[in-house]
1. Being more than 12 Å from E112 (Cα to Cα) and either in contact with a Pro (Cβ under 7 Å, 6 or more places away or on another chain) or free of Cβ contacts under 8 Å to residues at least 60 places away in the same chain (or both) is the filter here; which residues of region 52-68 pass it?
2. Quick one: in region 154-206, of everything that is among the hydroxyl-bearing types (S, T, Y), in contact (Cβ under 8 Å) with a residue 40 or more places away in the chain and in a loop (DSSP other than H, G, I, E, B), which residue is surrounded by the most Cβ atoms within 10 Å (Cβ to Cβ)?
3. Test H265 against the criterion of being assigned to a strand (DSSP E or B), closer than 28 Å to P153 by Cβ and in contact (Cβ under 8 Å) with a residue 40 or more places away in the chain, and give yes or no.
4. If you take the residues of region 207-237 that are under 27 Å from F123 (Cα atoms) and among the aliphatic types (A, V, I, L, M), which of them is surrounded by the fewest Cβ atoms within 10 Å (Cβ to Cβ)?
5. Within region 259-274, identify whether any single residue is farther than 23 Å from P186 by Cβ and either under 20 Å from the mean Cα position of the chain (by Cα) or not hydrophobic (A, V, I, L, M, F, W, C) (or both), and answer yes or no.
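Just so it is clear, none of the values below were taken in a lab; they were calculated from the coordinates. Quick caveat, the model's predicted, so the values are computed rather than measured. Cβ: placed from backbone, ideal geometry, glycine included. Neighbour counts: every protein chain shown.
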Amino acid sequence: MEPEPTAPLTDDTEDTWYLSYDWENLDWSPWVPFTATREEFLCIPKTPGLYRIRPAGRNFLMYIGETGQPLHKRLAELRQELRRTGLMPWNDPHPEAPALWAWRDAEQFTYECSAAPLDASQFSRRGMESFLLCQYRQESGASPLCAFGRFHPRYRRSTGRKENLRGGRLADGQKDNPAGGPGMPPLTITGTPGDVDWMGLAWTHCGSLTGEKIRAVPPAPGLFILSDVPSHEILFIGQSMNCAERLMDQSQKKWDGYDVQFSYHIMRDPVLPHNLRELENDLIGDYFRRFRKAPEFQFRISR
């Protein structure tokens, strides 16, 4: 099977910006195979930052991530996890490991990585990660195959070590893993955050984040924005398969004294959970593009 119908699948990597050594003005390391020697792997920085993973020699990405650990340590541990060929890794401490393992098992991929140091807070690193994911979607037309909880359709994911349920290939006759369903195309970059047509979506007018207002929200899949009433500054961007329920949960949280209002967009067509995460990230990434920061509460409260 093809890794992704809309992903670029040729081996020609020329003029592919998201593979370059200066993508988004970051200082990316050379691409290093996961099978490299210890000495060859030393070109991966020993500082916190961002990393990207692709099948060796191919021009699409499997994953984009960030870490507060030394990048060298994080990626060395990940490649060690993937050296086991018979057992899918656990979902912790490296949540991308099971998906990378499944695609390698199915497609015989070999992987290589590239990393860029980023001297910033975790809040800023996660914002930059969202921005890079958004940029990749804009440039390639697709998401990394292991991002947003996506998985190979013919495999089930391992749980965490505590739950102790190892993943693997699905038996013939078993239904595909829904996380292997198609991705959503990237949103169109248009409008300004907070506009009723931001990113080509139809946002409702803002209402106060109270039970009375939320009861008018459909219990349906969608995206939502929380913002400050006097300044209209966006505080949080979210998604849910049940927007009414999720907004009611948000109304019970403390917002450091902010007077919070909400706006939402309900999906017209059926979507999968990873589709909503893709679109949510497009919104966060565009916000970061414009303001060079994530919304104030984006990575501070439980999502």
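1. Hits for region 52-68 are I64, T67, G68.
2. S158
3. Answer is yes for this residue.
4. Only one residue tops the list, namely V229.
5. So far as region 259-274 goes, yes, one or more of its residues are farther than 23 Å from P186 by Cβ and either under 20 Å from the mean Cα position of the chain (by Cα) or not hydrophobic (A, V, I, L, M, F, W, C) (or both).
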